[in-house]
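The values are calculated or read from the model by the stated rules, or taken from the named source; none is laboratory data. Remember, it's a predicted structure, so these values are computed and weren't measured experimentally. Note that we place each Cβ from the backbone using ideal geometry, even for glycine, and neighbour counts take in every protein chain shown.
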Amino acid sequence: MDLYTACTLNHPKVTDLLSTNLNKANKKGWTGLMYACYYGHENLVDRIINIDPTTLFAINNDKQTPLMIATMSGNTSIVKKTFHTTVLEMADKLGRTAMFYAVLYNQENILEYFIEKQANCNVIDKFGKTMTMTAIAKGFIRIMKILSEYGNRQEDGNLNEWKNKYETAIPTDRQQNDDHPNYHMEKLLKQLSLEKYWPIFDKQNIRYDDFLKLSEQDLKNIGINLFGPRRKLIMTIDKLNELRTLQEHSRS
């Protein structure tokens, strides 16, 4: 029996195998500690870490750490055993940290633990999604509220700072102006330093609510051909939809 199978099963023979190189990984890059974390064998996790603390810093082929694996398995006790400040902000191959895993797998208690440890929530994965965007997409309302209370910081700064910067571009019933139905779109584009694209939106009669529904392909179709401005607009759409969702839930 190899170490990985013994750790998976927490087999009695694992005791004999713990004298081997505990950082040795299988073809997937998984170590014995990773299997012990995944299957929730707390005593075995303790033993492995006590024998060789460097096992905490191993990464598998997906660049996952034992802390990430413990997080997605939902075992708070093992998360605390495998916690280390050095691995807290390490990212997997998709750019997701252990805290991101807590959001992705709807692990409220673990998320709150990482918040206690002041984990960085200013993380954007390789799909361009923040933790809050991920929680919204999956419908994890409690996770959304926890992140909101923590002050989920985006790449442009604190979410509240971003909100204050653009809130004047978000129309309310009192702000509506029948003579200039696209006034808010023009103002938003100016705040993004993309006012040269205003004639395109004006010609297509794209209002603020229509703007929030646009995809990247839609932007290409209306004539936003450069990647940089198009990407900036898509990120703005995501953020404004995120803010709108948070505001709706805060009122509910």
Can you pull out every residue in the stretch 117-132 that is in contact with a strand residue (DSSP E or B) (Cβ under 9 Å, 6 or more places away or on another chain) and farther than 14 Å from residue 91 by Cα?
132
Yes/no for residue 72 being free of Cβ contacts under 8 Å to residues at least 40 places away in the same chain, within 15 Å of residue 110 (Cβ to Cβ) and either touching a Gly at 6+ places or on another chain (Cβ under 6 Å) or assigned by TED's automatic domain parsing to the domain that holds residue 96 (or both)
yes
Condition test on residue 219, is it part of a helix (DSSP H, G or I), in contact with a Phe, Trp or Tyr (Cβ under 8 Å, 6 or more places away or on another chain), over 15 Å from residue 133 (Cα atoms) and modelled with pLDDT of 85 or more?
no
Restricting to the stretch 26-38, name every residue that is under 14 Å from residue 5 (Cβ atoms), surrounded by fewer than 17 Cβ atoms within 10 Å (Cβ to Cβ) and not charged (D, E, K, R).
26
Could you list, in sequence order, all residues of the stretch 77-112 that are over 17 Å from the mean Cα position of the chain (by Cα), surrounded by 16 or more Cβ atoms within 10 Å (Cβ to Cβ) and either outside the structural domain of residue 25 (by TED's automatic domain parsing) or assigned to a helix (DSSP H, G or I) (or both)?
78, 79, 81, 82
Of everything in the stretch 116-133 that's among the β-branched types (Val, Ile, Thr) and closer than 13 Å to residue 97 by Cα, which residue is surrounded by the most Cβ atoms within 10 Å (Cβ to Cβ)?
130
Got at least one residue in the stretch 22-37 being in a helix (DSSP H, G or I), in contact (Cβ under 8 Å) with a residue 12 or more places away in the chain and aromatic (Phe, Trp, Tyr)?
yes
Any residue in the stretch 204-229 that is more than 17 Å from residue 241 (Cα to Cα) sitting within a Cβ distance under 9 Å of a residue that is surrounded by 12 or more Cβ atoms within 10 Å (Cβ to Cβ) and small (Gly, Ala, Ser)? List the pairs, counting only those 6 or more apart or interchain.
204/223
Looking at (1) at pLDDT below 80; (2) among the charged types (D, E, K, R); (3) under 30 Å from residue 147 (Cβ atoms); (4) surrounded by fewer than 18 Cβ atoms within 10 Å (Cβ to Cβ), which is the one condition that is false for residue 242?
(4)
For residue 67, indicate whether it is over 16 Å from residue 100 (Cβ atoms), crowded, with 18+ Cβ neighbours inside 10 Å, free of Cβ contacts under 8 Å to residues at least 40 places away in the same chain and of a type in the set (A, V, I, L, M).
no
All but one of (1) in contact (Cβ under 8 Å) with a residue 24 or more places away in the chain; (2) surrounded by fewer than 18 Cβ atoms within 10 Å (Cβ to Cβ) hold for residue 53; which doesn't?
(1)
